[in-house]
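Enquirer: Mind having a look at this structure? Questions to follow.
The values are calculated or read from the model by the stated rules, or taken from the named source; none is laboratory data. None of the values given here were measured: they were computed from a predicted structure. Every residue, glycine among them, receives a Cβ derived from its backbone with ideal geometry; neighbour counts consider all protein chains shown.
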Amino acid sequence: MADPKKLYIKTYGCQMNVYDSERMAEALGGSGYVETSTPDDADMILLNTCHIREKAAEKVYSELGRFKGLKAEKPDLKIGVAGCVAQAEGEEIMRRQPMVDLVVGPQSYHRLPEKEDQVRGGKKALDTDFPAEDKFEVLRKRPKAARGPTAFLTVQEGCDKFCAFCVVPYTRGAEVSRPAERVLAEARELVERGVREITLLGQNVNAYHGEGPAGPNGAGGDWSLARLIWALAEVDGLERIRFTTSHPNDMDNDLIEAHGTCDKLMPYLHLPVQSGSDKVLKAMNRKHTAKSYLRLIERIRAARPDILISGDFIVGFPGETEADFADTMALVEAVRYGQCYSFKYSTRPGTPAAERAQVDESVKADRLARLQALLTDQQRAIQDAMVGQTVKVLFEREGRMPGQMAGKSDHLHAVHVVGEGIGIGDLTPVRITQSGPNSLSGVKAA
Ligand code: SF4
């Protein structure tokens, strides 16, 4: 039997790319590939790229440059670019880096085996279409190997919101939701393989509107995310459900209510706001105000008082003044975030905000430092308040110290425990004894 071919995938960016990389590895598994952790012994290198960060395309070109020597040594090595940069740059990638054999956009991964055939035959392959077929259904025919206790499951892709700073509507296309029954079948299969926690993924996951069977009252056809979550909660062996990333305008009443009543839905919500200034929110085309966001947080907390809120912020958006930034700080004070991602605004070619007058870099850096200091204080205070409490932890892996196990609490805090009698996949009560900069420590509770 021929030795398997080796596939090296480097993944950039969000959890959706992590999920997509797993699917690509599985799709190419059918063409005789096994994954390798180093590019040096690979027969195919795939860069699964992200367009969110500044100068993303330039970084991909320089990364490709690093593989030139390898390609010269091994002419049979095939090099591919996938993900959002592939979608945005298309043929330009092969023009600038002729050693690239394959360029494939996020909607075409199910066609990877046929593209691989093409490149093995010495041709170049480019596929950045937005085809109508369900790529996930094709990709679902995965090998049934056991896996860890947590998994991502993409239920929705694309975005119709067109925030002025964001490339997603251009690189991932319009909002598309997977049919509910396909999501449920994939979830059941994941649980059979050992998964106990599923995070539903979508660029705009709470805008999920999947086709589904009618309920007992005859209402069917269009399932909301809340309805999907309730159906997932019925899956035996699935203990925890999370979802990310949400838009404030798509937090409907049913989803808020599910946070209060569905035991398997974890008390954690990532709800980006980006700015606390209505003027900046309008310029960002966010279609909500600071006040409507704060009102929404109040309603969510009324449904689930202990929910941990996480968010995203962009500082130094074109036109942001010191007064606008003060509004952002006031919103952060009002919300009290348990976790946050915050960045200086940086231009994305092709987006409306890229053409506007930019805020000075030193001003952006100063504002980001002040915002991050406040967010770190809040995150730490919420984490410190867990000391003395008993929380449920799903253990995912061994820790770095001897005898240590690492997992996540219901609130998504990283928790470390040293001691006997804990295995990977155990969902165990832990009494928190200590709070560190980014994680909690504890002991197994009786
Ligand atoms: S809602 Fe999210 S994905 Fe959609 S355009 Fe805005 S930031 Fe991008």
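Every residue, every condition in (1) over 27 Å from Pro4 (Cβ atoms); (2) more than 24 Å from the chain's Cα centre (by Cα), yes or no:
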{"residue": "Gly32", "(1), (2)": "no, yes"}
{"residue": "Gly65", "(1), (2)": "yes, yes"}
{"residue": "Ala86", "(1), (2)": "no, no"}
{"residue": "Tyr109", "(1), (2)": "no, no"}
{"residue": "Glu116", "(1), (2)": "no, yes"}
{"residue": "Asp127", "(1), (2)": "no, no"}
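Enquirer: Follow-up question, since we're still on this one. If I ask for residues that are in contact with a helix residue (DSSP H, G or I) (Cβ under 7 Å, 6 or more places away or on another chain), away from the ligand (no atom under 16 Å from the Cβ) and in contact (Cβ under 8 Å) with a residue 60 or more places away in the chain, which ones from the stretch 200-253 would you list?
Expert: Across the stretch 200-253, the qualifying residue is only Leu228.
Enquirer: Here is a further query. Out of (1) in a loop (DSSP other than H, G, I, E, B); (2) surrounded by fewer than 15 Cβ atoms within 10 Å (Cβ to Cβ), the odd one out for Ile52 is which?
Expert: So Ile52 meets the others, but not (2).
Enquirer: Given the condition over 23 Å from Met266 (Cα atoms) and either in contact with a Lys or Arg (Cβ under 6 Å, 6 or more places away or on another chain) or of a type outside the set (A, V, I, L, M, F, W, C) (or both), answer yes or no: does some residue in the stretch 388-396 qualify? Break it down stepwise before answering.
Expert: Filtering the stretch 388-396 for residues over 23 Å from Met266 (Cα atoms) gives none.
No.
Enquirer: Let me ask something else about it. Counting only residues that are under 26 Å from Ser409 (Cβ atoms), give me the strands (runs of 3 or more DSSP E) lying completely in the stretch 157-239 with at least 2 of them. Reasoning before the result, please.
Expert: Working: elements: 197-201, 210-212, 221-223.
Counting at least 2 such residues, we get 197-201.
Enquirer: Hey, can you tell me all the residues within the stretch 155-175 that are on the phi > 0 side of the Ramachandran plot and either near the ligand (Cβ under 6 Å from one of its atoms) or acidic (Asp, Glu) (or both)?
Expert: If we filter the stretch 155-175 for residues that are on the phi > 0 side of the Ramachandran plot, which is where we start, we get 158, 162, 173.
Once the filter is applied, which keeps residues that are on the phi > 0 side of the Ramachandran plot and either near the ligand (Cβ under 6 Å from one of its atoms) or acidic (Asp, Glu) (or both), the stretch 155-175 yields only Phe162.
Enquirer: Across the stretch 431-446, what is the number of residues that are over 27 Å from the mean Cα position of the chain (by Cα) and either loosely packed, with under 15 Cβ neighbours inside 10 Å or under 11 Å from Gln389 (Cα atoms) (or both)? Break it down into steps so the answer makes sense when it comes.
Expert: Start the filter on the stretch 431-446 by keeping residues that are over 27 Å from the mean Cα position of the chain (by Cα), which leaves 431-434, 442-446.
Now drop any that are not either loosely packed, with under 15 Cβ neighbours inside 10 Å or under 11 Å from Gln389 (Cα atoms) (or both), which leaves 431-434, 442-443, 445-446.
Count: 8.
Enquirer: A further question on this structure: Of a type outside the set (Ser, Thr, Tyr), touching a Pro at 6+ places or on another chain (Cβ under 8 Å) and under 30 Å from Glu89 (Cα atoms) - does that describe any residue in the stretch 273-284? If you could, list the steps in order and put the result at the bottom.
Expert: Our first condition is that a residue be of a type outside the set (Ser, Thr, Tyr); within the stretch 273-284, this holds for 273-274, 276, 278-284.
Subsequent filtering for residues that are touching a Pro at 6+ places or on another chain (Cβ under 8 Å) retains 273, 283.
Narrowing the set further to residues that are under 30 Å from Glu89 (Cα atoms) leaves 273, 283.
Within the stretch 273-284, one or more residues are of a type outside the set (Ser, Thr, Tyr), touching a Pro at 6+ places or on another chain (Cβ under 8 Å) and under 30 Å from Glu89 (Cα atoms).
Enquirer: Checking Lys279 against (1) within 23 Å of Ala357 (Cα to Cα); (2) away from the ligand (no atom under 16 Å from the Cβ); (3) crowded, with 17+ Cβ neighbours inside 10 Å, which single condition isn't satisfied?
Expert: In the conditions (1) within 23 Å of Ala357 (Cα to Cα); (2) away from the ligand (no atom under 16 Å from the Cβ); (3) crowded, with 17+ Cβ neighbours inside 10 Å, Lys279 misses (3) alone.
Enquirer: Kindly indicate whether any position in the stretch 345-355 is at pLDDT below 95, buried (at least 16 other Cβ atoms within 10 Å of the Cβ) and of a type in the set (S, T, N, Q).
Expert: Yes, some residue in the stretch 345-355 is at pLDDT below 95, buried (at least 16 other Cβ atoms within 10 Å of the Cβ) and of a type in the set (S, T, N, Q).
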